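Visitor: I have a structure I would like to understand better, so I am pasting it below and will then ask my questions one at a time.
The values are calculated or read from the model by the stated rules, or taken from the named source; none is laboratory data. Everything quoted here is computed from the prediction, not taken from an experiment. Cβ sites come from the backbone with ideal geometry, for glycine too, and all protein chains shown count toward neighbours.
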Amino acid sequence: MAAAVDDELYREIILDHYRHPRHRGLVDPADATVHGHNPLCGDEVDVSLRIRLGHIEAIGFEGQGCSISLASASMMASLVAGEPVAQARTVLHQLKQMLVEGTAAEDLDALGDLEALQGVRRYASRVKCAVLPWNALESGLAEAGGIHEERAS
């Protein structure tokens, strides 16, 4: 019975982020804007971000695709906005661990609403949907980091 309640709760969290996305819209000016595309299902997402003093000052996304990819983008932006870049990279790593390897329940608390995506792990094709915006974020952080390194030199 508890698993059915958890599944329903997780479904509601995913649908809420899909229907009422947080941080929708691209950041202007942005240090990086990255396009992510999943050719297997057609999901597309653009993630833009601005980094200031080692923190993600602003992040936004635009996209089209399934509820999993767009909800994941909304959760991602909500979780990393205002956070240090290092923390965003840690959460990115934890999310990928959860979806690919599985994570102990006590580790899921730090992921907030992202915990709702743990059920996606059962469907390999859907894992790519959930990870798509995170891969774009990872590329964006690398791109923005390069920009900031150039400005410092």
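Visitor: In region 52-78, how many residues are in contact with a helix residue (DSSP H, G or I) (Cβ under 8 Å, 6 or more places away or on another chain), of a type outside the set (Gly, Ala, Ser), under 15 Å from residue 137 (Cβ atoms) and surrounded by fewer than 22 Cβ atoms within 10 Å (Cβ to Cβ)?
Guide: Number satisfying all stated conditions: 1.
Visitor: Contact list please: Cβ distance under 6 Å, first residue in region 125-153 and farther than 15 Å from residue 45 by Cα and among the basic types (Lys, Arg), second residue modelled with pLDDT under 90 and not in a helix (DSSP H, G or I), pairs at least six apart or on different chains.
Guide: That search, which allows pairs on different chains as well, returns nothing.
Visitor: Scan (1) surrounded by fewer than 17 Cβ atoms within 10 Å (Cβ to Cβ); (2) modelled with pLDDT under 95 for the single condition residue 95 breaks and write down its number.
Guide: All conditions are met except number (1).
Visitor: Counting just the residues of region 1-30 that are surrounded by fewer than 14 Cβ atoms within 10 Å (Cβ to Cβ), of a type in the set (D, E, K, R) and farther than 17 Å from residue 75 by Cα, which one comes out modelled with the highest pLDDT? Outline the logic, then answer.
Guide: Of the residues in region 1-30, the ones surrounded by fewer than 14 Cβ atoms within 10 Å (Cβ to Cβ) are 1-5, 7-9, 11-12, 15, 19-20, 25, 28-29.
In the following step, the residues that additionally are of a type in the set (D, E, K, R) were identified as 7-8, 11-12, 19, 28.
When the remaining residues are screened for being farther than 17 Å from residue 75 by Cα, the result is 7-8, 28.
Numbers: 7: 68, 8: 65, 28: 97.
Going through the qualifying residues, I end up with 28.
Visitor: Scan region 29-67 for residues that are under 19 Å from residue 18 (Cβ atoms) and touching a Phe, Trp or Tyr at 6+ places or on another chain (Cβ under 8 Å) and report the count.
Guide: Of the residues in region 29-67, 4 are under 19 Å from residue 18 (Cβ atoms) and touching a Phe, Trp or Tyr at 6+ places or on another chain (Cβ under 8 Å).
Visitor: Continuing with this model, one more query. Quick one: how many residues across region 26-51 are over 12 Å from residue 136 (Cα atoms), of a type in the set (D, E, K, R) and touching a strand residue (DSSP E or B) at 6+ places or on another chain (Cβ under 6 Å)?
Guide: First, pick out the residues of region 26-51 that are over 12 Å from residue 136 (Cα atoms): 26-31, 39-43, 50-51.
Still in the list and also of a type in the set (D, E, K, R): 28, 31, 43, 50.
In the following step, the residues that additionally are touching a strand residue (DSSP E or B) at 6+ places or on another chain (Cβ under 6 Å) were identified as 31, 50.
So the count comes out to 2.
Visitor: Inside region 31-51, can you point out the residues that are among the small types (Gly, Ala, Ser) and surrounded by fewer than 20 Cβ atoms within 10 Å (Cβ to Cβ)? Quick ask: steps written out before the conclusion?
Guide: If we filter region 31-51 for residues that are among the small types (Gly, Ala, Ser), which is where we start, we get 32, 36, 42, 48.
Within region 31-51, just 42 meets the criteria.
Visitor: Quick one: how many residues across region 31-55 are among the hydrophobic types (A, V, I, L, M, F, W, C) and without any contact (Cβ under 8 Å) to a residue 40 or more places away in the chain?
Guide: If we filter region 31-55 for residues that are among the hydrophobic types (A, V, I, L, M, F, W, C), which is where we start, we get 32, 34, 40-41, 45, 47, 49, 51, 53.
Of the ones still in play, those that are also without any contact (Cβ under 8 Å) to a residue 40 or more places away in the chain are 53.
Looking only at that region, the number is 1.
Visitor: Answer with yes or no whether residue 132 is modelled with pLDDT of 90 or more, over 18 Å from residue 10 (Cα atoms) and in contact with a Ser or Thr (Cβ under 8 Å, 6 or more places away or on another chain).
Guide: yes
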